[in-house]
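Only the coordinates and a few stated rules stand behind these numbers; no lab work does. Note that the structure is a prediction, hence the values are computed from the model and not measured. Cβ placement follows ideal geometry from the backbone for every residue including glycine, while neighbour counts extend to all protein chains displayed.
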Amino acid sequence: MKLRFFVLPLTLALTTIAAHAQGGLYFNPIVTRVSNSQADSGPFAFLGQGNTSQIFGGVVLGGYYDVYKAPKFEVGLDLRDEIEHGNGASLNNFLFGARIAAKPQSTFKPYAQIAIGDGRSKSQLSPIHATKFEYVISGGIDRPLNKHVDWRVIEIGYGSVTTMSSYLYGGPVDIPAANLLNFSTGFVFRIP
């Protein structure tokens, strides 16, 4: 939670770096496969009793800001919040990272980014939340539709976060960090 209060002022401060920079805002659906090599049990089992994977769905709300533009690529920052639910459990990922995008030579604009932040998880049977460090590496393709709107054809991300588990509250089995494989699509509204 403290990371959120640091990142927002930092992002606003960085917006003054380049007057010619461009950004974008997005609010898109997201689907994530959360998996773990060790099944958990009890009221803190994030993936459910005895499960090692679960599909979560929700929305990703975020924005990016390009702070440097070169002839063939742009470098910027990305800030996002992913809110997802599955099997009665919830996962909220707040991420901040670096982004690089190729300038479109054709009708598509590929990009890649790496982000860190915190993942807040809650199991189905417990009101307690666990907030732990998270990382995600993502890549995708945007297709400009006009001057202000891009179609995010697809974004694929892979990351890891330690989710709520019985082990965090004295359980006997060490539950490793969960792997996240997510997919998103939708629209990006560019701000020149």
Open item on the list: Using only the alpha-carbon atoms, how far is helix 2-14 inclined from the longest principal axis of the chain? Give it as 0 to 90 degrees, nearest 10.
Closed with: 0
Task: Ranked 180, 47, criterion: other C-beta atoms within 10 Å, fewest first - done: 180, 47
Task: Ellipticity estimate at 222 nm from DSSP helix runs (n ≥ 4, -39,500 (n - 2.57)) divided over the chain, nearest 500 - done: -2000 deg cm²/dmol
Open item on the list: Rounded to the nearest angstrom and ordered from largest down, what semi-axes does the equivalent ellipsoid of segment 20-88 get from its C-alpha gyration tensor (root of 5λ)?
Closed with: 37, 13, 9
Open item on the list: If the only charges are +1 at each Lys and Arg Cβ and -1 at each Asp and Glu Cβ, what is the size of the charge dipole of the chain around the Cα centre, to the nearest 20 debye?
Closed with: 500
- [ ] Find the lysine pairs in segment 2-191 meeting two conditions, Cα atoms under 16 Å apart and a separation of 8 or more places or different chains, and report how many there are.
- [x] 8
- [ ] Determine the distance separating the Cα centre of segment 95-126 from the Cα centre of segment 175-191; give it in Å without decimals.
- [x] 6
- [ ] Within 10 Å of each residue's Cβ, count the other Cβ atoms and sort 109, 147 from fewest upward.
- [x] 147, 109
- [ ] Among 67, 31, 97, flag the residue with its Cα farthest along the positive direction of the charge dipole of the chain, charges on Cβ as +1 for Lys/Arg and -1 for Asp/Glu.
- [x] 67
Task: Residue with peak Gaussian network fluctuation, the chain [Cα springs, cutoff 10 Å], from 146, 92, 28 - done: 146
- [ ] Ratio to report: Rg/Rh of segment 2-191, with Cα atoms as the point set and Rh obtained by the Kirkwood method; give two decimals.
- [x] 1.03
Open item on the list: Taking the beta-carbon count within 10 Å as an exposure proxy, list 169, 111 from fewest neighbours to most.
Closed with: 169, 111
